Ligand SMILES: [Zn+2]
């Protein structure tokens with residue numbers, strides 16, 4: 001039995017002897033296999049950086065005083081929003097100078113409670 005198929009790797013027409021054949025030849029089959037492994041590895045790297053980010057967030061949460069950037073990262077909001085909260089007085093911050101705002105991590109929790117109440 002011969003089947004006209006299209007190679008899944010190079011998109012060329014080829015004649016396959018079996019219905020399960022996906023590639024025009026060994027070369028494409030090998031390249032496709034290598035690509036598959038490479039894609040898998042890239043996926044694993046992305047997962048790793050995600051867990052690293054998570055770990056970093058946990059470390060940040062255990063810190064007593066946070067910068068605007070750290071607060072924004074923890075709340076998953078933009079730095080602008082974090083500044084807005086501070087300027088609105090919703091997020092108490094101490095200003096130690098230019099670009100040196102510090103927010104107590106305890107205030108983050110109370111901010112959360114306040115906002116949750118507002119939703120009711
Ligand atoms: Zn091919």
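Readers should treat all values here as calculations from the given coordinates under stated rules, not as data from a laboratory. Being a predicted model, the structure only gives us computed values, none of them experimental. Note: ideal-geometry Cβ built from the backbone for every residue, glycine included; neighbour counts use all protein chains shown.
Using C-alpha pairs under 8 Å with a sequence gap of at least 6, the mean separation divided by the residue count of the chain gives a relative contact order of 15 percent. Each of residue 77 and residue 12 was given a label point 7 Å from its Cα along the Cα-to-Cβ line. The distance between the two points is 5.8 nm. Comparing mean-square fluctuations of 48, 11, 62 from a GNM of the chain with C-alpha springs under 10 Å, the top value falls on 11. FRET efficiency for the residue 64 to residue 87 pair, using the beta carbon distance and R₀ = 22 Å, is estimated at 0.45.
Among 57, 106, 111, sorting on how many other beta-carbon atoms sit within 10 Å of each Cβ, with the fewest leading, yields 106, 57, 111.
GNM on the chain, alpha-carbon springs under 10 angstrom: the most fluctuating residue among 71, 58, 27 is 27. In the chain, the longest principal axis of the Cα atoms and the axis of helix 26-61 are about 10 degrees apart. The calculated 222 nm mean residue ellipticity attributable to helices in the chain amounts to -19000 deg cm²/dmol, summing -39500 (n - 2.57) over DSSP H runs of n ≥ 4 and dividing by all residues.
For region 39-108, the relative contact order works out to 31 percent when only alpha carbon pairs closer than 8 Å and six or more residues apart are counted. Among 109, 50, 13, the largest mean-square fluctuation in a Gaussian network model of the chain, built with springs joining Cα atoms closer than 10 Å, belongs to 13.
Legend: calculated FRET efficiency, residue 21 to residue 53, from the Cβ-Cβ distance at R0 = 41 Å, rounded to 0.05, equals 0.45.
Reported to the nearest whole Å, the Cα centre-to-centre distance from region 60-90 to region 1-49 is 47.
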